[in-house]
Amino acid sequence: MGRHFCTVTAGEPSYIHGYSENEAVRLADQADVLAELLHHDTRYAPGSLVLEAGCGIGAQTLQIAERNPEVTLVSVDLSAASLRTARGRGVAADLVRAEIAALPFRDGVFDHVFVCFVLEHLADPGGALGALGRLLRPGGTITVIEGDHGSCYYHPATDAAAAAWGALVAAQQALGGDPLIGRRLYPLVAGAGFGGVTVSLRQVYADESRPGVQDGFVQRTIVPMVEGVREQNKALGLVDPSTFEQGLADLRATGGPGGTFCYTFFRATGVGPELMVSAVPGHPPPAHSLIDGLHRPRSHGSGAVSGEVLSGLRHGRRTGRS
Ligand SMILES: C[S@@+](CC[C@H](N)C(=O)[O-])C[C@H]1O[C@@H](n2cnc3c(N)ncnc32)[C@H](O)[C@@H]1O
């Protein structure tokens with residue numbers, strides 16, 4: 001596909017899509033084809049400090065940074081390999097290895113939080129939202145984008161395609177995730193204490209009059225995602241392997257001549273209420289090992305955050321941002 005990523009999977013956390021090179025390519029293709037649909041309104045005031053939770057290889061980071069060259073981005077992920085890939089791609093963000101439920105930042109330091117395609121993988125998405133909300137300054141905002149695999153319909157709709165798609169859903173559920181989370185986004189975000197929650201639907205539709213969408217979304221995003229659970233499908237005994245392969249072929253056909261494919265993403269925004277900010281000034285300082293060796297000062301782009309400044313963020317909010 002003309003892209004090369006250096007992902008290393010040994011020792012990585014367990015996660016439905018894994019950390020293979022194919023998955024890295026898929027994430028990049030996905031972000032590219034959905035860029036305008038998901039990000040035409042991802043705009044932050046110049047000078048804002050934005051936390052991206054679960055950045056992976058930095059596919060969405062690049063989109064946010066391109067549209068918001070004057071903000072400071074801090075992007076975190078569990079995966080060291082993904083962060084190395086992100087760094088290699090030159091993303092304009094400070095990259096920090098951390099678990100969302102235990103982020104090494106003080107309460108109330110961020111102007112905005114951005115989360116994309118991450119809550120669906122968490123056993124406790126509401127708890128994660130609560131933890132992220134505490135990092136927002138009073139009046140700060142959150143943006144959450146998630147899919148919903150129940151929103152997917154296509155032509156030709158074969159039984160094998162439905163079975164393969166069902167295997168993807170079941171495999172993710174078996175790991176404690178929720179591939180149908182999009183429809184729950186409003187209650188989840190509002191239930192975590194955010195105010196003014198608004199959800200907008202972002203629908204992708206592909207037919208042969210839109211070859212770029214057929215290629216970028218169906219062939220490079222959807223089909224590889226299903227293909228990625230081939231081994232889990234076998235291990236869990238979900239769908240017999242020959243039906244799974246037929247289903248994959250049938251899904252490929254929905255992104256070709258005469259085929260159509262439709263999927264809906266959910267994009268929620270909300271305001272973190274003042275009450276969410278801890279009255280106690282700050283949590284205990286983080287274990288430095290969580291960041292050492294991964295965090296490096298950014299060497300390009302405007303508004304770069306040095307290691308020292310980031311360290312400062314963990315001990316007190318900077319001033320002077322809008
Ligand atoms: C589907 S990828 C999405 C990456 C990126 N947001 C994008 O849209 O391209 C999900 C990412 O969430 C990360 N992740 C999952 N659970 C996490 C957690 N508890 N804390 C931090 N990152 C997590 C994974 O390592 C993975 O990189």
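The values are calculated or read from the model by the stated rules, or taken from the named source; none is laboratory data. What you are looking at is a predicted structure, and each value in this text was computed from that prediction instead of being measured. Glycine also receives a Cβ, built like all others from the backbone with ideal geometry; neighbour counts cover every protein chain displayed.
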Yes or no: Val115 assigned to a strand (DSSP E or B), within 10 Å of the ligand (Cβ to nearest atom), touching a strand residue (DSSP E or B) at 6+ places or on another chain (Cβ under 7 Å) and of a type outside the set (S, T, N, Q)? yes
Looking at Ala65, Ala59 in this structure, which one is within 23 Å of Phe266 (Cα to Cα), touching a Gly at 6+ places or on another chain (Cβ under 8 Å) and modelled with pLDDT of 95 or more? Ala65
Restricting attention to segment 91-106, does a residue exist that is over 16 Å from the mean Cα position of the chain (by Cα), part of a loop (DSSP other than H, G, I, E, B) and away from the ligand (no atom under 14 Å from the Cβ)? yes
Among the residues in segment 237-252, are any assigned to a loop (DSSP other than H, G, I, E, B), crowded, with 19+ Cβ neighbours inside 10 Å and aromatic (Phe, Trp, Tyr)? no
With respect to the numbered conditions (1) more than 15 Å from Ile142 (Cα to Cα); (2) within 13 Å of the ligand (Cβ to nearest atom); (3) touching a strand residue (DSSP E or B) at 6+ places or on another chain (Cβ under 9 Å), which one is the sole condition not fulfilled by Thr72? (2)
Out of Gly147, Gly177, which single residue is more than 27 Å from Gly108 (Cβ to Cβ) and out of contact with any Phe, Trp or Tyr (no Cβ under 6 Å at 6 or more places or on another chain)? Gly177
Across segment 164-220, which residue is farthest from the chain's Cα centre (by Cα) among those that are crowded, with 21+ Cβ neighbours inside 10 Å and part of a strand (DSSP E or B)? Ala206
Among (1) crowded, with 19+ Cβ neighbours inside 10 Å; (2) away from the ligand (no atom under 16 Å from the Cβ); (3) not hydrophobic (A, V, I, L, M, F, W, C) - the single one Pro125 does not satisfy: (2)
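Do we have any residue at all in segment 31-44 that's without any contact (Cβ under 8 Å) to a residue 60 or more places away in the chain and near the ligand (Cβ under 10 Å from one of its atoms)?
Filtering segment 31-44 down to residues without any contact (Cβ under 8 Å) to a residue 60 or more places away in the chain leaves 31, 35-36, 39-41, 43.
Then drop every residue that is not near the ligand (Cβ under 10 Å from one of its atoms), which leaves 31.
There is at least one residue in segment 31-44 that is without any contact (Cβ under 8 Å) to a residue 60 or more places away in the chain and near the ligand (Cβ under 10 Å from one of its atoms).
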Sole residue being surrounded by fewer than 23 Cβ atoms within 10 Å (Cβ to Cβ), within 24 Å of Leu62 (Cα to Cα) and among the polar types (S, T, N, Q), chosen from Thr143, Thr158, Thr85: Thr143
Do we find that Ala53 is under 22 Å from Gly127 (Cβ atoms) and either touching a residue at least 60 places away in the same chain (Cβ under 8 Å) or within 9 Å of the ligand (Cβ to nearest atom) (or both) in this structure? yes
